[in-house]
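One structure is given here, and the rest of the page talks about it.
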Amino acid sequence: MALAGSPITDPIADYLAMNVPDRMANVGRLLVIKKVEIDLEGNGKNDVFVGTWYRNSGPDTWLWTGYAPTADGYERITPADSDVLIDFDGIYVGDLPDVGRHGMAQAYSLELTNKDRDQSNMISDLTFYYIVDGRLAQQGTGALDRSEPDQEAKFQYYFGPDRKLSGTPRIESFTVMDLAKRGYRIPNWRPLAVPGTK
């Protein structure tokens, strides 16, 4: 585990060593992790996100820890004790006029998965992700009603066929076997059974 102020040399090792209570409750036995590289700030340097499937939270629910490159490694840009919900499937990367920054935007639909969200007139939340003072900020704008022309225009800006992306995420998957072969210590996130509970 990285000490405060000391650079992180390997985001995957740092991620696996973190103590995140939600992983105990929602991940269970670790099966796979993903590593995403993306130029979040538009400065030509890739930020790294490491995450896994929170299987007790839903079929497509992946939560992540983020890392920004520094001169001698990485620094964590997300909290030390919790992961951040991001769906990189179809995510927008580029200028965010709504917040005046470069970053990522994702539309969440309660009734449809993100790959099917184009079929929905109601987007339950449009969320922006960007860096402020060395930390990942998340800003949800609330629901988008695509039957309203101005809200549909916003949806098309971020997710339409003519959207202008500054980059796309590079995603790698690693099974527990892959990680073990590379010498990583595999954490046990299964909670200890307490008598009288499920």
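Read-outs throughout are calculated quantities, based only on the coordinates presented, and are distinct from any laboratory measurement. Predicted model only: the values in this text are computed from it and were never measured. Note that we place each Cβ from the backbone using ideal geometry, even for glycine, and neighbour counts take in every protein chain shown.
Across region 17-46, the qualifying residues are those that are in contact with a Pro (Cβ under 7 Å, 6 or more places away or on another chain) and surrounded by 20 or more Cβ atoms within 10 Å (Cβ to Cβ), and the one among them that is nearest to Ala80 (Cα to Cα) is Val36.
Given region 23-81, what strands (runs of 3 or more DSSP E) lie entirely inside it while holding 3 or more residues that are of a type in the set (Phe, Trp, Tyr) and within 15 Å of the chain's Cα centre (by Cα)? Can you show your working first?
Numbers: elements: 32-38, 47-53, 62-70, 73-76.
Fully inside region 23-81 and qualifying: 62-70.
Every test in (1) farther than 28 Å from Lys164 by Cα; (2) under 17 Å from the mean Cα position of the chain (by Cα) is passed by Asp87 save one, and that test is (1).
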